[in-house]
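The values are calculated or read from the model by the stated rules, or taken from the named source; none is laboratory data. Note that the structure is predicted; figures quoted are calculated from it, not measured. Every residue, glycine among them, receives a Cβ derived from its backbone with ideal geometry; neighbour counts consider all protein chains shown.
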Amino acid sequence: MGLFDFVKGELIDVIEWVDSSNDTIIWKFPRKNNDHEIKNNAKLTVRESQQAVFLNEGVLADVFKPGMHTLQTQNMPILATLKGWKYGFDSPFKADVYFVSTKQFIDQKWGTKNPITIDDERFGMIELRAFGNFAYKVSDAGLFLKEIAGTDVHFTTDEISDQLKTKVLRKFTDIAASSNLTIDKFAGSLDELSDMAKEKLNDYFTTLGLQITDFNVENVSMPEDIKKEIFAYSRMSKQGDNWTKMNTMNVMNTAAGNEGMGGAGMGIGVGMGMGNMMGNMMGNMMNNQNQQMGGMNTPPPPPPMSQYFVAVNGAQTGPFTPQQLQAMIATGQFSANSQVWKQGMPAWGAASSIPELQALFGAMPPPPPPIG
């Protein structure tokens, strides 16, 4: 027998894998030119955080968990069936052996490339961004090899990273949209979001032979203008009437000092309108709270007052209540010819053409007689 025949006929009697990397998931035990055969009673060493998978001509056979195994018909029932060994075997055989790492692969980063759109009942459509990290491990080596790795002789975390992160982002988007959390609760509910995401993701990952062992939402962010609105709403909710009085006074003081668009008098009118709007908003919020508390004897809120916008020098001002407009008539800031509009009107019209406002002008005294 020549040297080539000796090498070709060399038998494998020890099968093991010593992993020195941090990112290898699958490693195929080498059989030079696929010619080397495995000897009967060969020793298979599967270390902790490993599983060994045998394939026969590409078909999944037996899977071995950590321990020292002597390869015999008794502990290789699937391969024995595939090979047609009915009564055991004494001769060497060929099979592909894949070692699969079952350790945790930690600190896998994820983050939203595009913002997530959330429909909040108070603030409307809002865009959120989020990021965090997760950890996973192989839970079923045979299934993972079949579904993901195929016959790759050396499979690393980089090769599966994009696929896993894409699924993470899709699931987190669904979870964020269906979580029933109000927008101001997202930042304070990171643990809850993390737990929900981990549970939902494992429903998918188990079909790949994987398990999410840890999932963290580190941050949820939103546009700065939305943050300011949420903070203002929170202060208004906590301070109640004090917030309304303080802000109404601030708005009126600011408007009184503004000499643009109609002068100081019009500024006061605008301040009154804004103060009235804030008061109405606060009142509505308090009414909602009373209804939620189940106040059976609480009367329903009064019907909303009509509010009109007024065109001044081509600019829109307001809205103003009829009472405010009546006060503005006395200062000459509002007249029967002033153009007004309110919700429901198809177009701007003269104040004198609005039935609700006609009474304001009839209640005013005629101009005083001329002197002399």
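Considering each residue of the range 144-180, count those that are touching a helix residue (DSSP H, G or I) at 6+ places or on another chain (Cβ under 7 Å), closer than 24 Å to Pro66 by Cβ and aliphatic (A, V, I, L, M), and give that number.
The total comes to 2.
For the range 202-225, which positions are surrounded by 14 or more Cβ atoms within 10 Å (Cβ to Cβ) and free of Cβ contacts under 8 Å to residues at least 60 places away in the same chain? Can you show your working first?
To start, the set of residues in the range 202-225 that are surrounded by 14 or more Cβ atoms within 10 Å (Cβ to Cβ) comprises 202, 204-206, 208-217, 220-222.
Within the range 202-225, Asn202, Tyr204 qualify.
Determine whether Ile148 is in contact (Cβ under 8 Å) with a residue 40 or more places away in the chain and surrounded by 19 or more Cβ atoms within 10 Å (Cβ to Cβ).
Details: in contact (Cβ under 8 Å) with a residue 40 or more places away in the chain: yes; surrounded by 19 or more Cβ atoms within 10 Å (Cβ to Cβ): yes.
When the stated conditions are applied, Ile148 passes them.
If you take the residues of the range 56-72 that are assigned to a loop (DSSP other than H, G, I, E, B) and within 43 Å of the chain's Cα centre (by Cα), which of them is surrounded by the most Cβ atoms within 10 Å (Cβ to Cβ)?
Let us first name the residues in the range 56-72 that are assigned to a loop (DSSP other than H, G, I, E, B), namely 57-58, 65-66, 71-72.
Next cut, within 43 Å of the chain's Cα centre (by Cα) only: 58, 65-66.
On the way: Gly58: 8, Lys65: 12, Pro66: 14.
My answer is Pro66.
Is it the case that Asn41 is surrounded by fewer than 18 Cβ atoms within 10 Å (Cβ to Cβ) and either at pLDDT 85 or above or in a strand (DSSP E or B) (or both)? Show your work before the answer.
Working: surrounded by fewer than 18 Cβ atoms within 10 Å (Cβ to Cβ): yes; either at pLDDT 85 or above or in a strand (DSSP E or B) (or both): yes.
Yes, satisfied.
Go through the residues of the range 72-82 one by one and say whether even a single one is at pLDDT below 90, among the polar types (S, T, N, Q) and touching a Lys or Arg at 6+ places or on another chain (Cβ under 6 Å).
No, there is no match, as no residue in the range 72-82 is at pLDDT below 90, among the polar types (S, T, N, Q) and touching a Lys or Arg at 6+ places or on another chain (Cβ under 6 Å).
I'd like the full set of residues that are outside any loop (DSSP other than H, G, I, E, B) and touching a residue at least 60 places away in the same chain (Cβ under 8 Å), limited to the range 75-109. Steps first, please.
Taking the range 75-109 as the starting set, the residues that turn out to be outside any loop (DSSP other than H, G, I, E, B) are 75, 77-83, 93, 96-101, 105-109.
The answer is Asp96, Val97, Tyr98, Phe99, Val100, Ser101, Phe105, Ile106.
Return the residue satisfying two criteria in turn: it lies in the range 345-362 and is of a type outside the set (A, V, I, L, M) and part of a helix (DSSP H, G or I), and of such residues it is farthest from Phe320 (Cα to Cα).
Step one: list which residues in the range 345-362 are of a type outside the set (A, V, I, L, M), which gives 346, 348-349, 352-353, 355-356, 358, 361-362.
Then drop every residue that is not part of a helix (DSSP H, G or I), which leaves 352-353, 355-356, 358, 361-362.
Details: Ser352: 16, Ser353: 17, Pro355: 16, Glu356: 13, Gln358: 15, Phe361: 16, Gly362: 19 Å.
Filtering the range 345-362 for residues that are of a type outside the set (A, V, I, L, M) and part of a helix (DSSP H, G or I), the one farthest from Phe320 (Cα to Cα) comes out as Gly362.
Looking only at the range 183-193, count every residue that is under 12 Å from the mean Cα position of the chain (by Cα) and either crowded, with 18+ Cβ neighbours inside 10 Å or modelled with pLDDT under 80 (or both) and tell me the total.
4
Considering only the range 175-192, I want to know if a residue exists there that is hydroxyl-bearing (Ser, Thr, Tyr), closer than 30 Å to Pro30 by Cβ and assigned to a helix (DSSP H, G or I). Step through it out loud before you land on a result.
First pass over the range 175-192, keeping only residues hydroxyl-bearing (Ser, Thr, Tyr): 178-179, 182, 189.
In the following step, the residues that additionally are closer than 30 Å to Pro30 by Cβ were identified as none.
No, every residue in the range 175-192 fails to be hydroxyl-bearing (Ser, Thr, Tyr), closer than 30 Å to Pro30 by Cβ and assigned to a helix (DSSP H, G or I).
Got a number for residues in the range 148-167 being touching a Gly at 6+ places or on another chain (Cβ under 9 Å) and of a type in the set (A, V, I, L, M, F, W, C)?
Total satisfying the criteria: 1.
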